[in-house]
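This report refers to the structure that appears directly beneath it.
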Amino acid sequence: MDESTIIFNYNRAIGQAGDLDNIAKEVRKLADRSLTDSLTSIDKNWDGENSKKFLNKGNKLKGRIADSADDIQRIAESIRQMAEAIYESEMEAVRIAREREAME
């Protein structure tokens, strides 16, 4: 594998991690804004025991959505760490191969 392929693959992995970060932001925004606004509206317009149960379930869902956003961000960070490790080891392999070729 040559350096340009290694760099291309590394940049591609970093780009995909960035895409996951954006997805996590959108998911978090969904939980923080849209779902909160909906639950607030329901709370204002619906009285009774069933409304409280529904709001509790809605708040639990909001928490799970936020947890999913956190999971997506952790995956993105793992991709970055793995890409960095692979990049460094592959570039080191290229360097070693070049040194061996130069010695021949």
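Okay, residues lined up against (1) more than 28 Å from Gly18 (Cβ to Cβ); (2) free of Cβ contacts under 8 Å to residues at least 12 places away in the same chain; (3) not in a helix (DSSP H, G or I):
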{"residue": "Phe54", "(1), (2), (3)": "yes, no, no"}
{"residue": "Lys57", "(1), (2), (3)": "yes, yes, no"}
{"residue": "Leu61", "(1), (2), (3)": "no, no, no"}
{"residue": "Arg74", "(1), (2), (3)": "no, yes, no"}
{"residue": "Ser78", "(1), (2), (3)": "no, yes, no"}
{"residue": "Met82", "(1), (2), (3)": "no, no, no"}
{"residue": "Glu90", "(1), (2), (3)": "no, no, no"}
{"residue": "Glu99", "(1), (2), (3)": "yes, yes, no"}
{"residue": "Ala102", "(1), (2), (3)": "yes, yes, no"}
Original post:
Quick check, is Lys25 modelled with pLDDT under 95, in a helix (DSSP H, G or I) and either surrounded by fewer than 12 Cβ atoms within 10 Å (Cβ to Cβ) or not aromatic (Phe, Trp, Tyr) (or both)?
Top reply: no
Original post:
Ile6 fails exactly one of the following numbered conditions: (1) farther than 25 Å from Arg98 by Cβ; (2) surrounded by 13 or more Cβ atoms within 10 Å (Cβ to Cβ). What is the number of that condition?
Top reply: (1)
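For the range 51-82, what are the residues that are among the charged types (D, E, K, R), buried (at least 16 other Cβ atoms within 10 Å of the Cβ) and within 29 Å of Ser41 (Cβ to Cβ)?
Lys62, the sole residue that qualifies.
The values are calculated or read from the model by the stated rules, or taken from the named source; none is laboratory data. Since the model is a prediction, treat every value here as computed from it, not as a measurement. Glycine also receives a Cβ, built like all others from the backbone with ideal geometry; neighbour counts cover every protein chain displayed.
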